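All of the numbers you see were taken from the coordinates with simple rules; none came from a lab. For clarity, every value in this text was computed on a predicted model and none was experimentally measured. Here Cβ is always computed from backbone atoms with ideal geometry, including for glycine, and neighbour counts include all displayed protein chains.
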Amino acid sequence: MTIASEVKQCLASLKGIEANLSSLAIRSQDSESQRTFHETMLIVNEVVADLQKRVGELEREEFQYKGF
């Protein structure tokens with residue numbers, strides 16, 4: 001597995017985690033839990049955005065990684 005494909009797999013996992021946290025925030029009945037899930041989701045969202053930038057850099061720098 002190439003570095004780019006591993007980074008993209010990690011990105012997909014993080015997006016899934018982000019979606020799960022969002023779902024938990026919506027379904028939770030405790031306001032403290034809702035806030036915690038939402039805040040954590042926002043942090044993961046920042047990591048996802050940074051990782052997406054890195055994927056773009058990998059694809060621009062290393063053409064063999066494009067499309068994986």
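Angle of helix 31-61 to the longest C-alpha principal axis of the chain, folded into 0 to 90 degrees and rounded to 10: 10°. Across every pair of non-identical alpha carbons in the chain, the mean reciprocal distance, once inverted, gives a Kirkwood radius of 13.0 Å. Around H38, with a cut-off of 14 angstrom between Cβ atoms, what is the net charge of the other residues, counting Lys and Arg +1 and Asp and Glu -1? Net local charge, H38 excluded: -3. The C-alpha atoms of the chain define a longest principal axis, and helix 3-27 lies at about 10 degrees to it. Extension gain, R35-Q9: 0.36 nm per intervening residue step, less the Cα-Cα distance, totals 6.6 nm.
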